[in-house]
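Down below is the structure, laid out as structure tokens.
Readers should treat all values here as calculations from the given coordinates under stated rules, not as data from a laboratory. Predicted, not measured: the structure shown is a model, and the values here were computed from it. FYI the Cβ positions are ideal-geometry reconstructions off the backbone, even for glycines, and counts take in every protein chain you see.
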């Protein structure tokens, strides 16, 4: 199988898995791709995403960033689990606001991957920035099996 066919199969599998993921569905996170084919996640803040102050709960932003970075790892045909993660919060995200989680792979090793994720709105306002490390369990799709 060619590298292009393998990566197309990986992308189809990742998209299908996230459509079925109960946690992603419960939060209302949508996986999207920009014109260059880079993945990102989108979410419009609803009342069940907010805390007692009426602003988005930090755990929602952490979940969104973790999911975005894990998706970027998966799209490299790597099954990974988060081993550490941190986040800086710059601004609160108000109710009904649409936000985007854009991951970037910083280090793509055989056993670990390091990534960061910016949580912004469509205008580029930065709400939070996350960093994470992932331990690689193996390939998502074994090239020899496809």
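Structure data summary
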item	result
Residue count, region 9-30 (criterion: surrounded by 12 or more Cβ atoms within 10 Å (Cβ to Cβ) and farther than 15 Å from residue 46 by Cβ)	9
Filter result (part of a loop (DSSP other than H, G, I, E, B) and either within 17 Å of residue 69 (Cα to Cα) or touching a strand residue (DSSP E or B) at 6+ places or on another chain (Cβ under 7 Å) (or both)) within region 1-32	21, 28, 29
